[in-house]
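The values are calculated or read from the model by the stated rules, or taken from the named source; none is laboratory data. Only a predicted model underlies this, so the values are computations on that prediction, with no experimental measurement involved. In this analysis, Cβ positions are derived from the backbone assuming ideal geometry, glycine residues included, and neighbour counts consider all displayed protein chains. These area figures cover heavy atoms from the full protein model, side chains too; ligands, DNA and RNA do not enter into them. Shrake-Rupley method; radii C 1.70, N 1.55, O 1.52, S 1.80 Å.
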Amino acid sequence: MNMKRAYYAILYSQTAINLGFSLYTMAVILFLFTKTGSTAMASLMTFVSIVCRVLGSAVLPLVTSRFTLRSLLISSQLIQITLLVCLFFVIQTGSSAFFFLLFCLIGGISFCNGWFAPIKSALIGEIIPPDRRAKANGLLSAADQTVQFAGWSLGGVIIAFLGESDTMIVTVMLLVSSVLGIILFLQVRMCAPAAVRERSLFADAASGWVYLFRQKQLRVLIVMDVIESWAGMIWIGSVSLTYVHDVLHKGEAWWGYVNGVYYAGTMIGGLIIYKLSGKFQHHLIPLMLTGALAYGMFTFIYGLITSAVTSLFLVLCMGPACVLRDLTQETLLQNITTEKTRVNILAARSALVQFIFMFSIIGTGVISDVFGVRFIYIGAGLLLLISAFFGFSQLRMKKLVQSRM
């Protein structure tokens with residue numbers, strides 16, 4: 001596949017940002033825990049980040065009709081760099097008196113970071129032809145999972161060696177290199193029509209949501225997304241750790257094995273799609289439904305077993321199934337949206353999915369305390385199976401999707 005220079009600029013930008021943010025997140029959580037000794041205070045960073053990321057995705061349509069996607073991508077990363085530098089100085093002081101400012105900076109960084117995923121996906125829809133998008137998304141996913149695995153696996157070692165402050169400098173350097181790559185190599189033609197520029201702010205903000213539920217194909221995919229978002233709680237760190245302790249009767253080391261094996265599975269899934277994209281491109285719907293069904297089955301069985309070795313095998317299988325579902329869904333969304341509507345639809349979808357995931361995090365602790373942690377995985381498996389059967393009934397039996405998909 002002869003990909004354009006712009007695609008590799010996006011690939012590098014994603015790699016640099018995700019690696020930088022894994023290090024940044026671990027450094028800030030460690031700083032908060034060290035200074036306060038409170039797990040709740042350290043967990044607050046995750047909650048603030050998700051809330052602000054949702055807000056960022058929700059307001060993105062307000063600016064997409066007035067600026068090009070390239071300029072928005074560059075601007076958001078420059079703002080993040082500025083805020084990260086400020087955060088570096090706050091951490092340098094080491095004073096708890098600046099905690100309010102620290103969380104304000106975290107919120108601002110997450111707000112801008114909420115723009116990256118929908119803009120990236122929209123840009124892929126612009127620069128990659130429809131028959132090559134599955135392969136492009138597969139390589140992006142494989143690279144992303146590899147970086148996530150490396151970042152979260154080696155992050156502790158890097159922070160222990162450099163300290164929280166110097167780790168923040170590494171994050172800033174990674175984002176600077178990302179911006180330079182975008183400026184130098186991402187050259188795409190993307191101008192908003194004058195008619196769109198004249199719309200009201202309310203019309204801009206609502207446009208993505210209107211499109212999201214107006215089109216039958218989109219509506220089916222979004223309903224599946226909503227159902228699957230509730231099941232995302234199974235990978236919250238506290239939930240997976242509790243499951244390893246209470247059900248598998250293993251320690252923290254095995255918790256690391258579970259996470260590592262899952263990331264390995266997602267890397268394998270991304271590479272498989274990248275290599276076989278020529279065949280996958282013409283069977284996106286069956287593959288999406290197969291991935292959703294398999295992911296639901298593996299998750300449900302995972303909630304029933306008590307064997308630690310079997311759990312690793314199931315988690316390894318979950319990775320490719322999850323990636324197959326997500327990447328085919330992403331490619332379908334890119335294919336059925338147009339240049340004028342794509343980024344607003346993807347931004348609305350991102351905000352909706354993260355908003356529901358935020359509520360699933362809030363309810364997870366209550367569900368675990370009342371019904372036990374095993375019920376979370378069994379319930380998540382059932383939700384994923386419901387999503388798969390819903391998609392099958394709507395997309396396969398009713399033939400709602402156009403033949404070009």
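Considering segment 247-305 alone, what residues qualify as being of a type in the set (A, V, I, L, M) and open to solvent by 50 Å² or more (accessible area, probe 1.4 Å)?
Hits for segment 247-305 are 253, 268, 271, 272, 276, 293, 297, 301, 304.
Quick check on this structure: which one of 121, 110, 75 is under 23 Å from the mean Cα position of the chain (by Cα) and surrounded by fewer than 21 Cβ atoms within 10 Å (Cβ to Cβ)?
Details: 121 fails: surrounded by fewer than 21 Cβ atoms within 10 Å (Cβ to Cβ); 110 fails: surrounded by fewer than 21 Cβ atoms within 10 Å (Cβ to Cβ).
Only one candidate passes the filter, namely 75.
Hey, does segment 336-345 have a residue that's surrounded by fewer than 22 Cβ atoms within 10 Å (Cβ to Cβ), part of a helix (DSSP H, G or I) and out of contact with any strand residue (DSSP E or B) (no Cβ under 6 Å at 6 or more places or on another chain)?
yes
Would you confirm whether or not segment 5-21 contains a residue that is surrounded by 19 or more Cβ atoms within 10 Å (Cβ to Cβ), among the aromatic types (Phe, Trp, Tyr), modelled with pLDDT of 80 or more and more than 21 Å from residue 343 (Cα to Cα)?
Yes, segment 5-21 contains at least one residue that is surrounded by 19 or more Cβ atoms within 10 Å (Cβ to Cβ), among the aromatic types (Phe, Trp, Tyr), modelled with pLDDT of 80 or more and more than 21 Å from residue 343 (Cα to Cα).
Across segment 381-405, what is the number of residues that are under 26 Å from residue 236 (Cα atoms) and either surrounded by fewer than 16 Cβ atoms within 10 Å (Cβ to Cβ) or modelled with pLDDT of 90 or more (or both)?
Result for segment 381-405: 10.
Among the helices (runs of 4 or more DSSP H) confined wholly to segment 214-285, which include 3 or more residues that are more than 23 Å from residue 386 (Cβ to Cβ)?
237-246, 252-275, 277-280
Can you report the number of residues in segment 71-91 which are of a type in the set (Ser, Thr, Tyr) and touching a residue at least 40 places away in the same chain (Cβ under 8 Å)?
1
If you go through segment 243-292, how many residues are of a type outside the set (Gly, Ala, Ser) and in contact with a helix residue (DSSP H, G or I) (Cβ under 6 Å, 6 or more places away or on another chain)?
So the count comes out to 25.
Listed residues 327, 333; which is out of contact with any strand residue (DSSP E or B) (no Cβ under 7 Å at 6 or more places or on another chain), closer than 26 Å to residue 259 by Cα and either open to solvent by 10 Å² or more (accessible area, probe 1.4 Å) or of a type in the set (A, V, I, L, M, F, W, C) (or both)?
Exactly one residue qualifies, and that residue is 327.
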